[in-house]
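Every number in this text was worked out from the coordinates using simple rules, so none of it is lab data. Keep in mind the model is a prediction, meaning the values are calculated, not measured. No Cβ is skipped: glycine too gets one built from the backbone with ideal geometry, and neighbour counts run over all protein chains shown.
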Amino acid sequence: MILPREGNCSRTSQPARYTAAVSTSSFRFDQLTYSYGPRRVLDRVAGTTESGEMLLIEGSNGSGKSTLIRCLAGLQRPQAGSIQWIDQGRELDDVARRRGVGWVGPDLSFYEALSAAENLDFFARLRGLAEDPAVEILERLGVPPQRLVGALSSGMLQRLRWSFALQHRPGMLLLDEPFQNLDSAGEDATRALLRQHLEAGGMAIVASPIDLGLASGRRLVLDPTRSGGGA
Amino acid sequence: MWWFRQVRAVFVKDWRTELRTRHALHTIALFAVSTLLTVSLALGPAGVSAETRTSTLPVILWIILLFAAAAGLPRCFVAEEEGHTAAALRLTAAPSAVFAGKCAFAVALLVGLELLLTPLFLALMGLEIADAAMLVTALVLGALGLGTASVLVAAMVAQARGRGALFPVLSFPLLIPLLLLAVELTRGAVAGSLPPGVAEQLLLYDASLIVAGLMLFPVIWNP
């Protein structure tokens with residue numbers, strides 16, 4: 001993620017300017033099916049989003065939102081269906097898709113024996129980022145960079161997840177319950193980051209069991225009693 | 001170059017977390033030293049006849065190293081899965097780089113253990129080495145194979161239930177040829193003579209494990 005050094009950087013009340021990787025992209029999934037043993041949680045689910053747009057996924061607990069997000073991130077392989085991310089006319093393969101998304105989810109964790117800055121520095125190296133934006137992002141989201149992850153509150157951990165997701169200027173943000181455990185300042189800051197990501201041409205898919213008050217023309221409702229959801 | 005940077009990052013991260021938590025360090029060192037003390041108290045320098053020392057004592061050394069590795073190394077991937085850090089690693093790193101970085105960590109840990117254990121073993125058992133260079137070769141090549149095989153099996157075990165029981169079941173058959181060759185090489189170091197080709201066979205076995213690991217690991221690691 002590129003965060004200009006000038007401008008507001010005074011913690012969460014003044015969220016960072018954020019510039020996503022600007023490109024013309026589309027992200028679509030079709031006929032996605034996933035079962036845990038005999039229990040089918042995703043049944044021929046379809047959806048699409050494009051540059052600057054956001055797809056909202058709604059559904060009750062157990063409706064398969066997290067499973068869908070994990071499938072889209074490439075962390076679980078759907079048993080049927082297709083996922084297609086076309087970036088500037090070129091379709092990304094599974095590896096590029098996995099590296100190109102920014103994922104926030106409740107089951108994303110970090111190394112508890114390392115500090116927040118050390119964690120982000122490690123992932124920056126793995127991502128091959130030329131500059132190390134870790135400490136700057138953490139400061140802008142109000143996370144104490146030198147505090148061990150094992151000593152972070154659940155709200156701070158959620159802010160760290162956002163920092164991890166935005167670190168590499170992803171073209172697609174996959175957000176699973178993105179504002180959980182955040183206080184109002186943290187929620188304002190992350191909502192601003194999401195808005196800036198979309199304004200810069202990024203895409204986002206946001207899953208939540210409750211109405212987050214996000215404006216989007218695309219909506220997908222997952223209902224465990226009904227199959228074949230689509231947006 | 002990026003791949004090597006990823007390997008280095010995984011290696012450094014594993015050492016950093018290990019030096020702070022000391023899970024594997026404590027487990028491996030305590031197991032190895034307590035087993036060594038038990039063996040030395042039971043046998044001692046006089047417990048093994050001069051005729052059988054060369055054939056028996058290298059076996060005991062490698063059995064201690066094998067079980068110490070089995071006690072500590074499976075955690076290298078189990079910790080990633082149980083701590084839910086594996087997902088972030090999957091999103092950011094090439095699978096082969098994760099494998100190579102974990103192998104480098106495991107081999108370095110085993111070489112460190114050998115540096116601690118081997119002089120103690122030689123002193124307590126009164127074992128003299130005729131060819132020190134051959135002993136170093138045996139220890140380094142043995143650690144390379146033991147570390148690589150352990151990491152590969154640990155990655156499989158971490159995805160499964162019944163992890164504790166699975167590691168020895170899966171790893172020991174893979175390690176038997178390696179141990180036989182390492183024992184033979186260590187015997188050669190003690191006796192000062194070695195049948196030709198043993199070091200080369202051990203090197204080839206290590207190379208096979210590394211190549212097989214690099215090919216298999218992405219299948220194990222990716223969903």
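Computed from backbone phi with θ = phi - 60° and the Karplus coefficients 6.51, -1.76 and 1.60, the 3J(HN,Hα) list for the range A:185-202 is 5, x, 5, 4, 5, 6, 4, 5, 4, 5, 4, 5, 4, 5, 4, 7, x, x Hz; x is used for glycine and proline. How far is helix B:23-42 tilted off the main Cα axis of chain B, in degrees rounded to 10, range 0 to 90? For B:23-42 against chain B, the angle is about 20 degrees. The amide H of A:Ser51, built 1.01 Å from its N in the peptide plane, has A:Ser25 as neighbours under 5 Å, considering only residues 5 or more places off or on other chains.
Can you tell me the orientation of helix A:116-126 relative to chain A, as the angle in degrees between its alpha-carbon axis and the longest Cα principal axis, to the nearest 10? Approximately 60 degrees, to the nearest ten. 3J(HN,Hα) along the range A:42-52, derived from phi through the Karplus expression 6.51 cos²θ - 1.76 cosθ + 1.60 where θ = phi - 60°, amounts to 10, 10, 6, 8, 9, x, 8, 8, 9, 3, x Hz, with x in place of Gly and Pro. Between the Cα long axis of helix B:53-72 and the first principal axis of chain B there is an angle of about 20°, rounded to the nearest 10. Apply the a/c threshold of 1.5 to the C-alpha gyration tensor of chain A and tell me whether it is rounded, prolate or oblate. It is prolate, given that a/c is not under 1.5 and a/b is the larger ratio. The GluC sites (Glu not before Pro) of the range B:128-223 that DSSP puts in a loop, and whose beta carbon has at most 16 other beta carbons within 10 Å, are B:Glu128. When trypsin sites (Lys or Arg not before Pro) are flagged only if DSSP places them in a loop and at most 15 other Cβ atoms lie within 10 Å, the longest unflagged stretch of chain B comes out as B:23-160. Centroid-to-centroid, using Cα positions, the range B:127-181 and the range A:173-190 are 46 Å apart.
Between the amide H of A:Ala80 and those of A:Thr33, distances stay under 5 Å, these residues lying 5 or more places away or on another chain, with hydrogens modeled in the peptide plane. From least to most packed, judged by other beta carbons within 10 angstrom and beginning with the fewest, B:Leu115, B:Leu146 follow the order B:Leu115, B:Leu146.
For chain B, calculate the relative contact order in percent as a whole number, restricting contacts to Cα pairs under 8 Å that are 6 or more residues apart. Before the final figure, lay out the partial values.
On the way: 243 pairs, mean separation 62.4, N = 223.
It rounds to 28 percent for chain B.
Values of log10 I(q)/I(0) for the protein assembly as shown across q = 0.07, 0.09, 0.13 Å⁻¹ run -0.44, -0.66, -1.10, by the Debye formula with one identical scatterer at each alpha carbon and no solvent.
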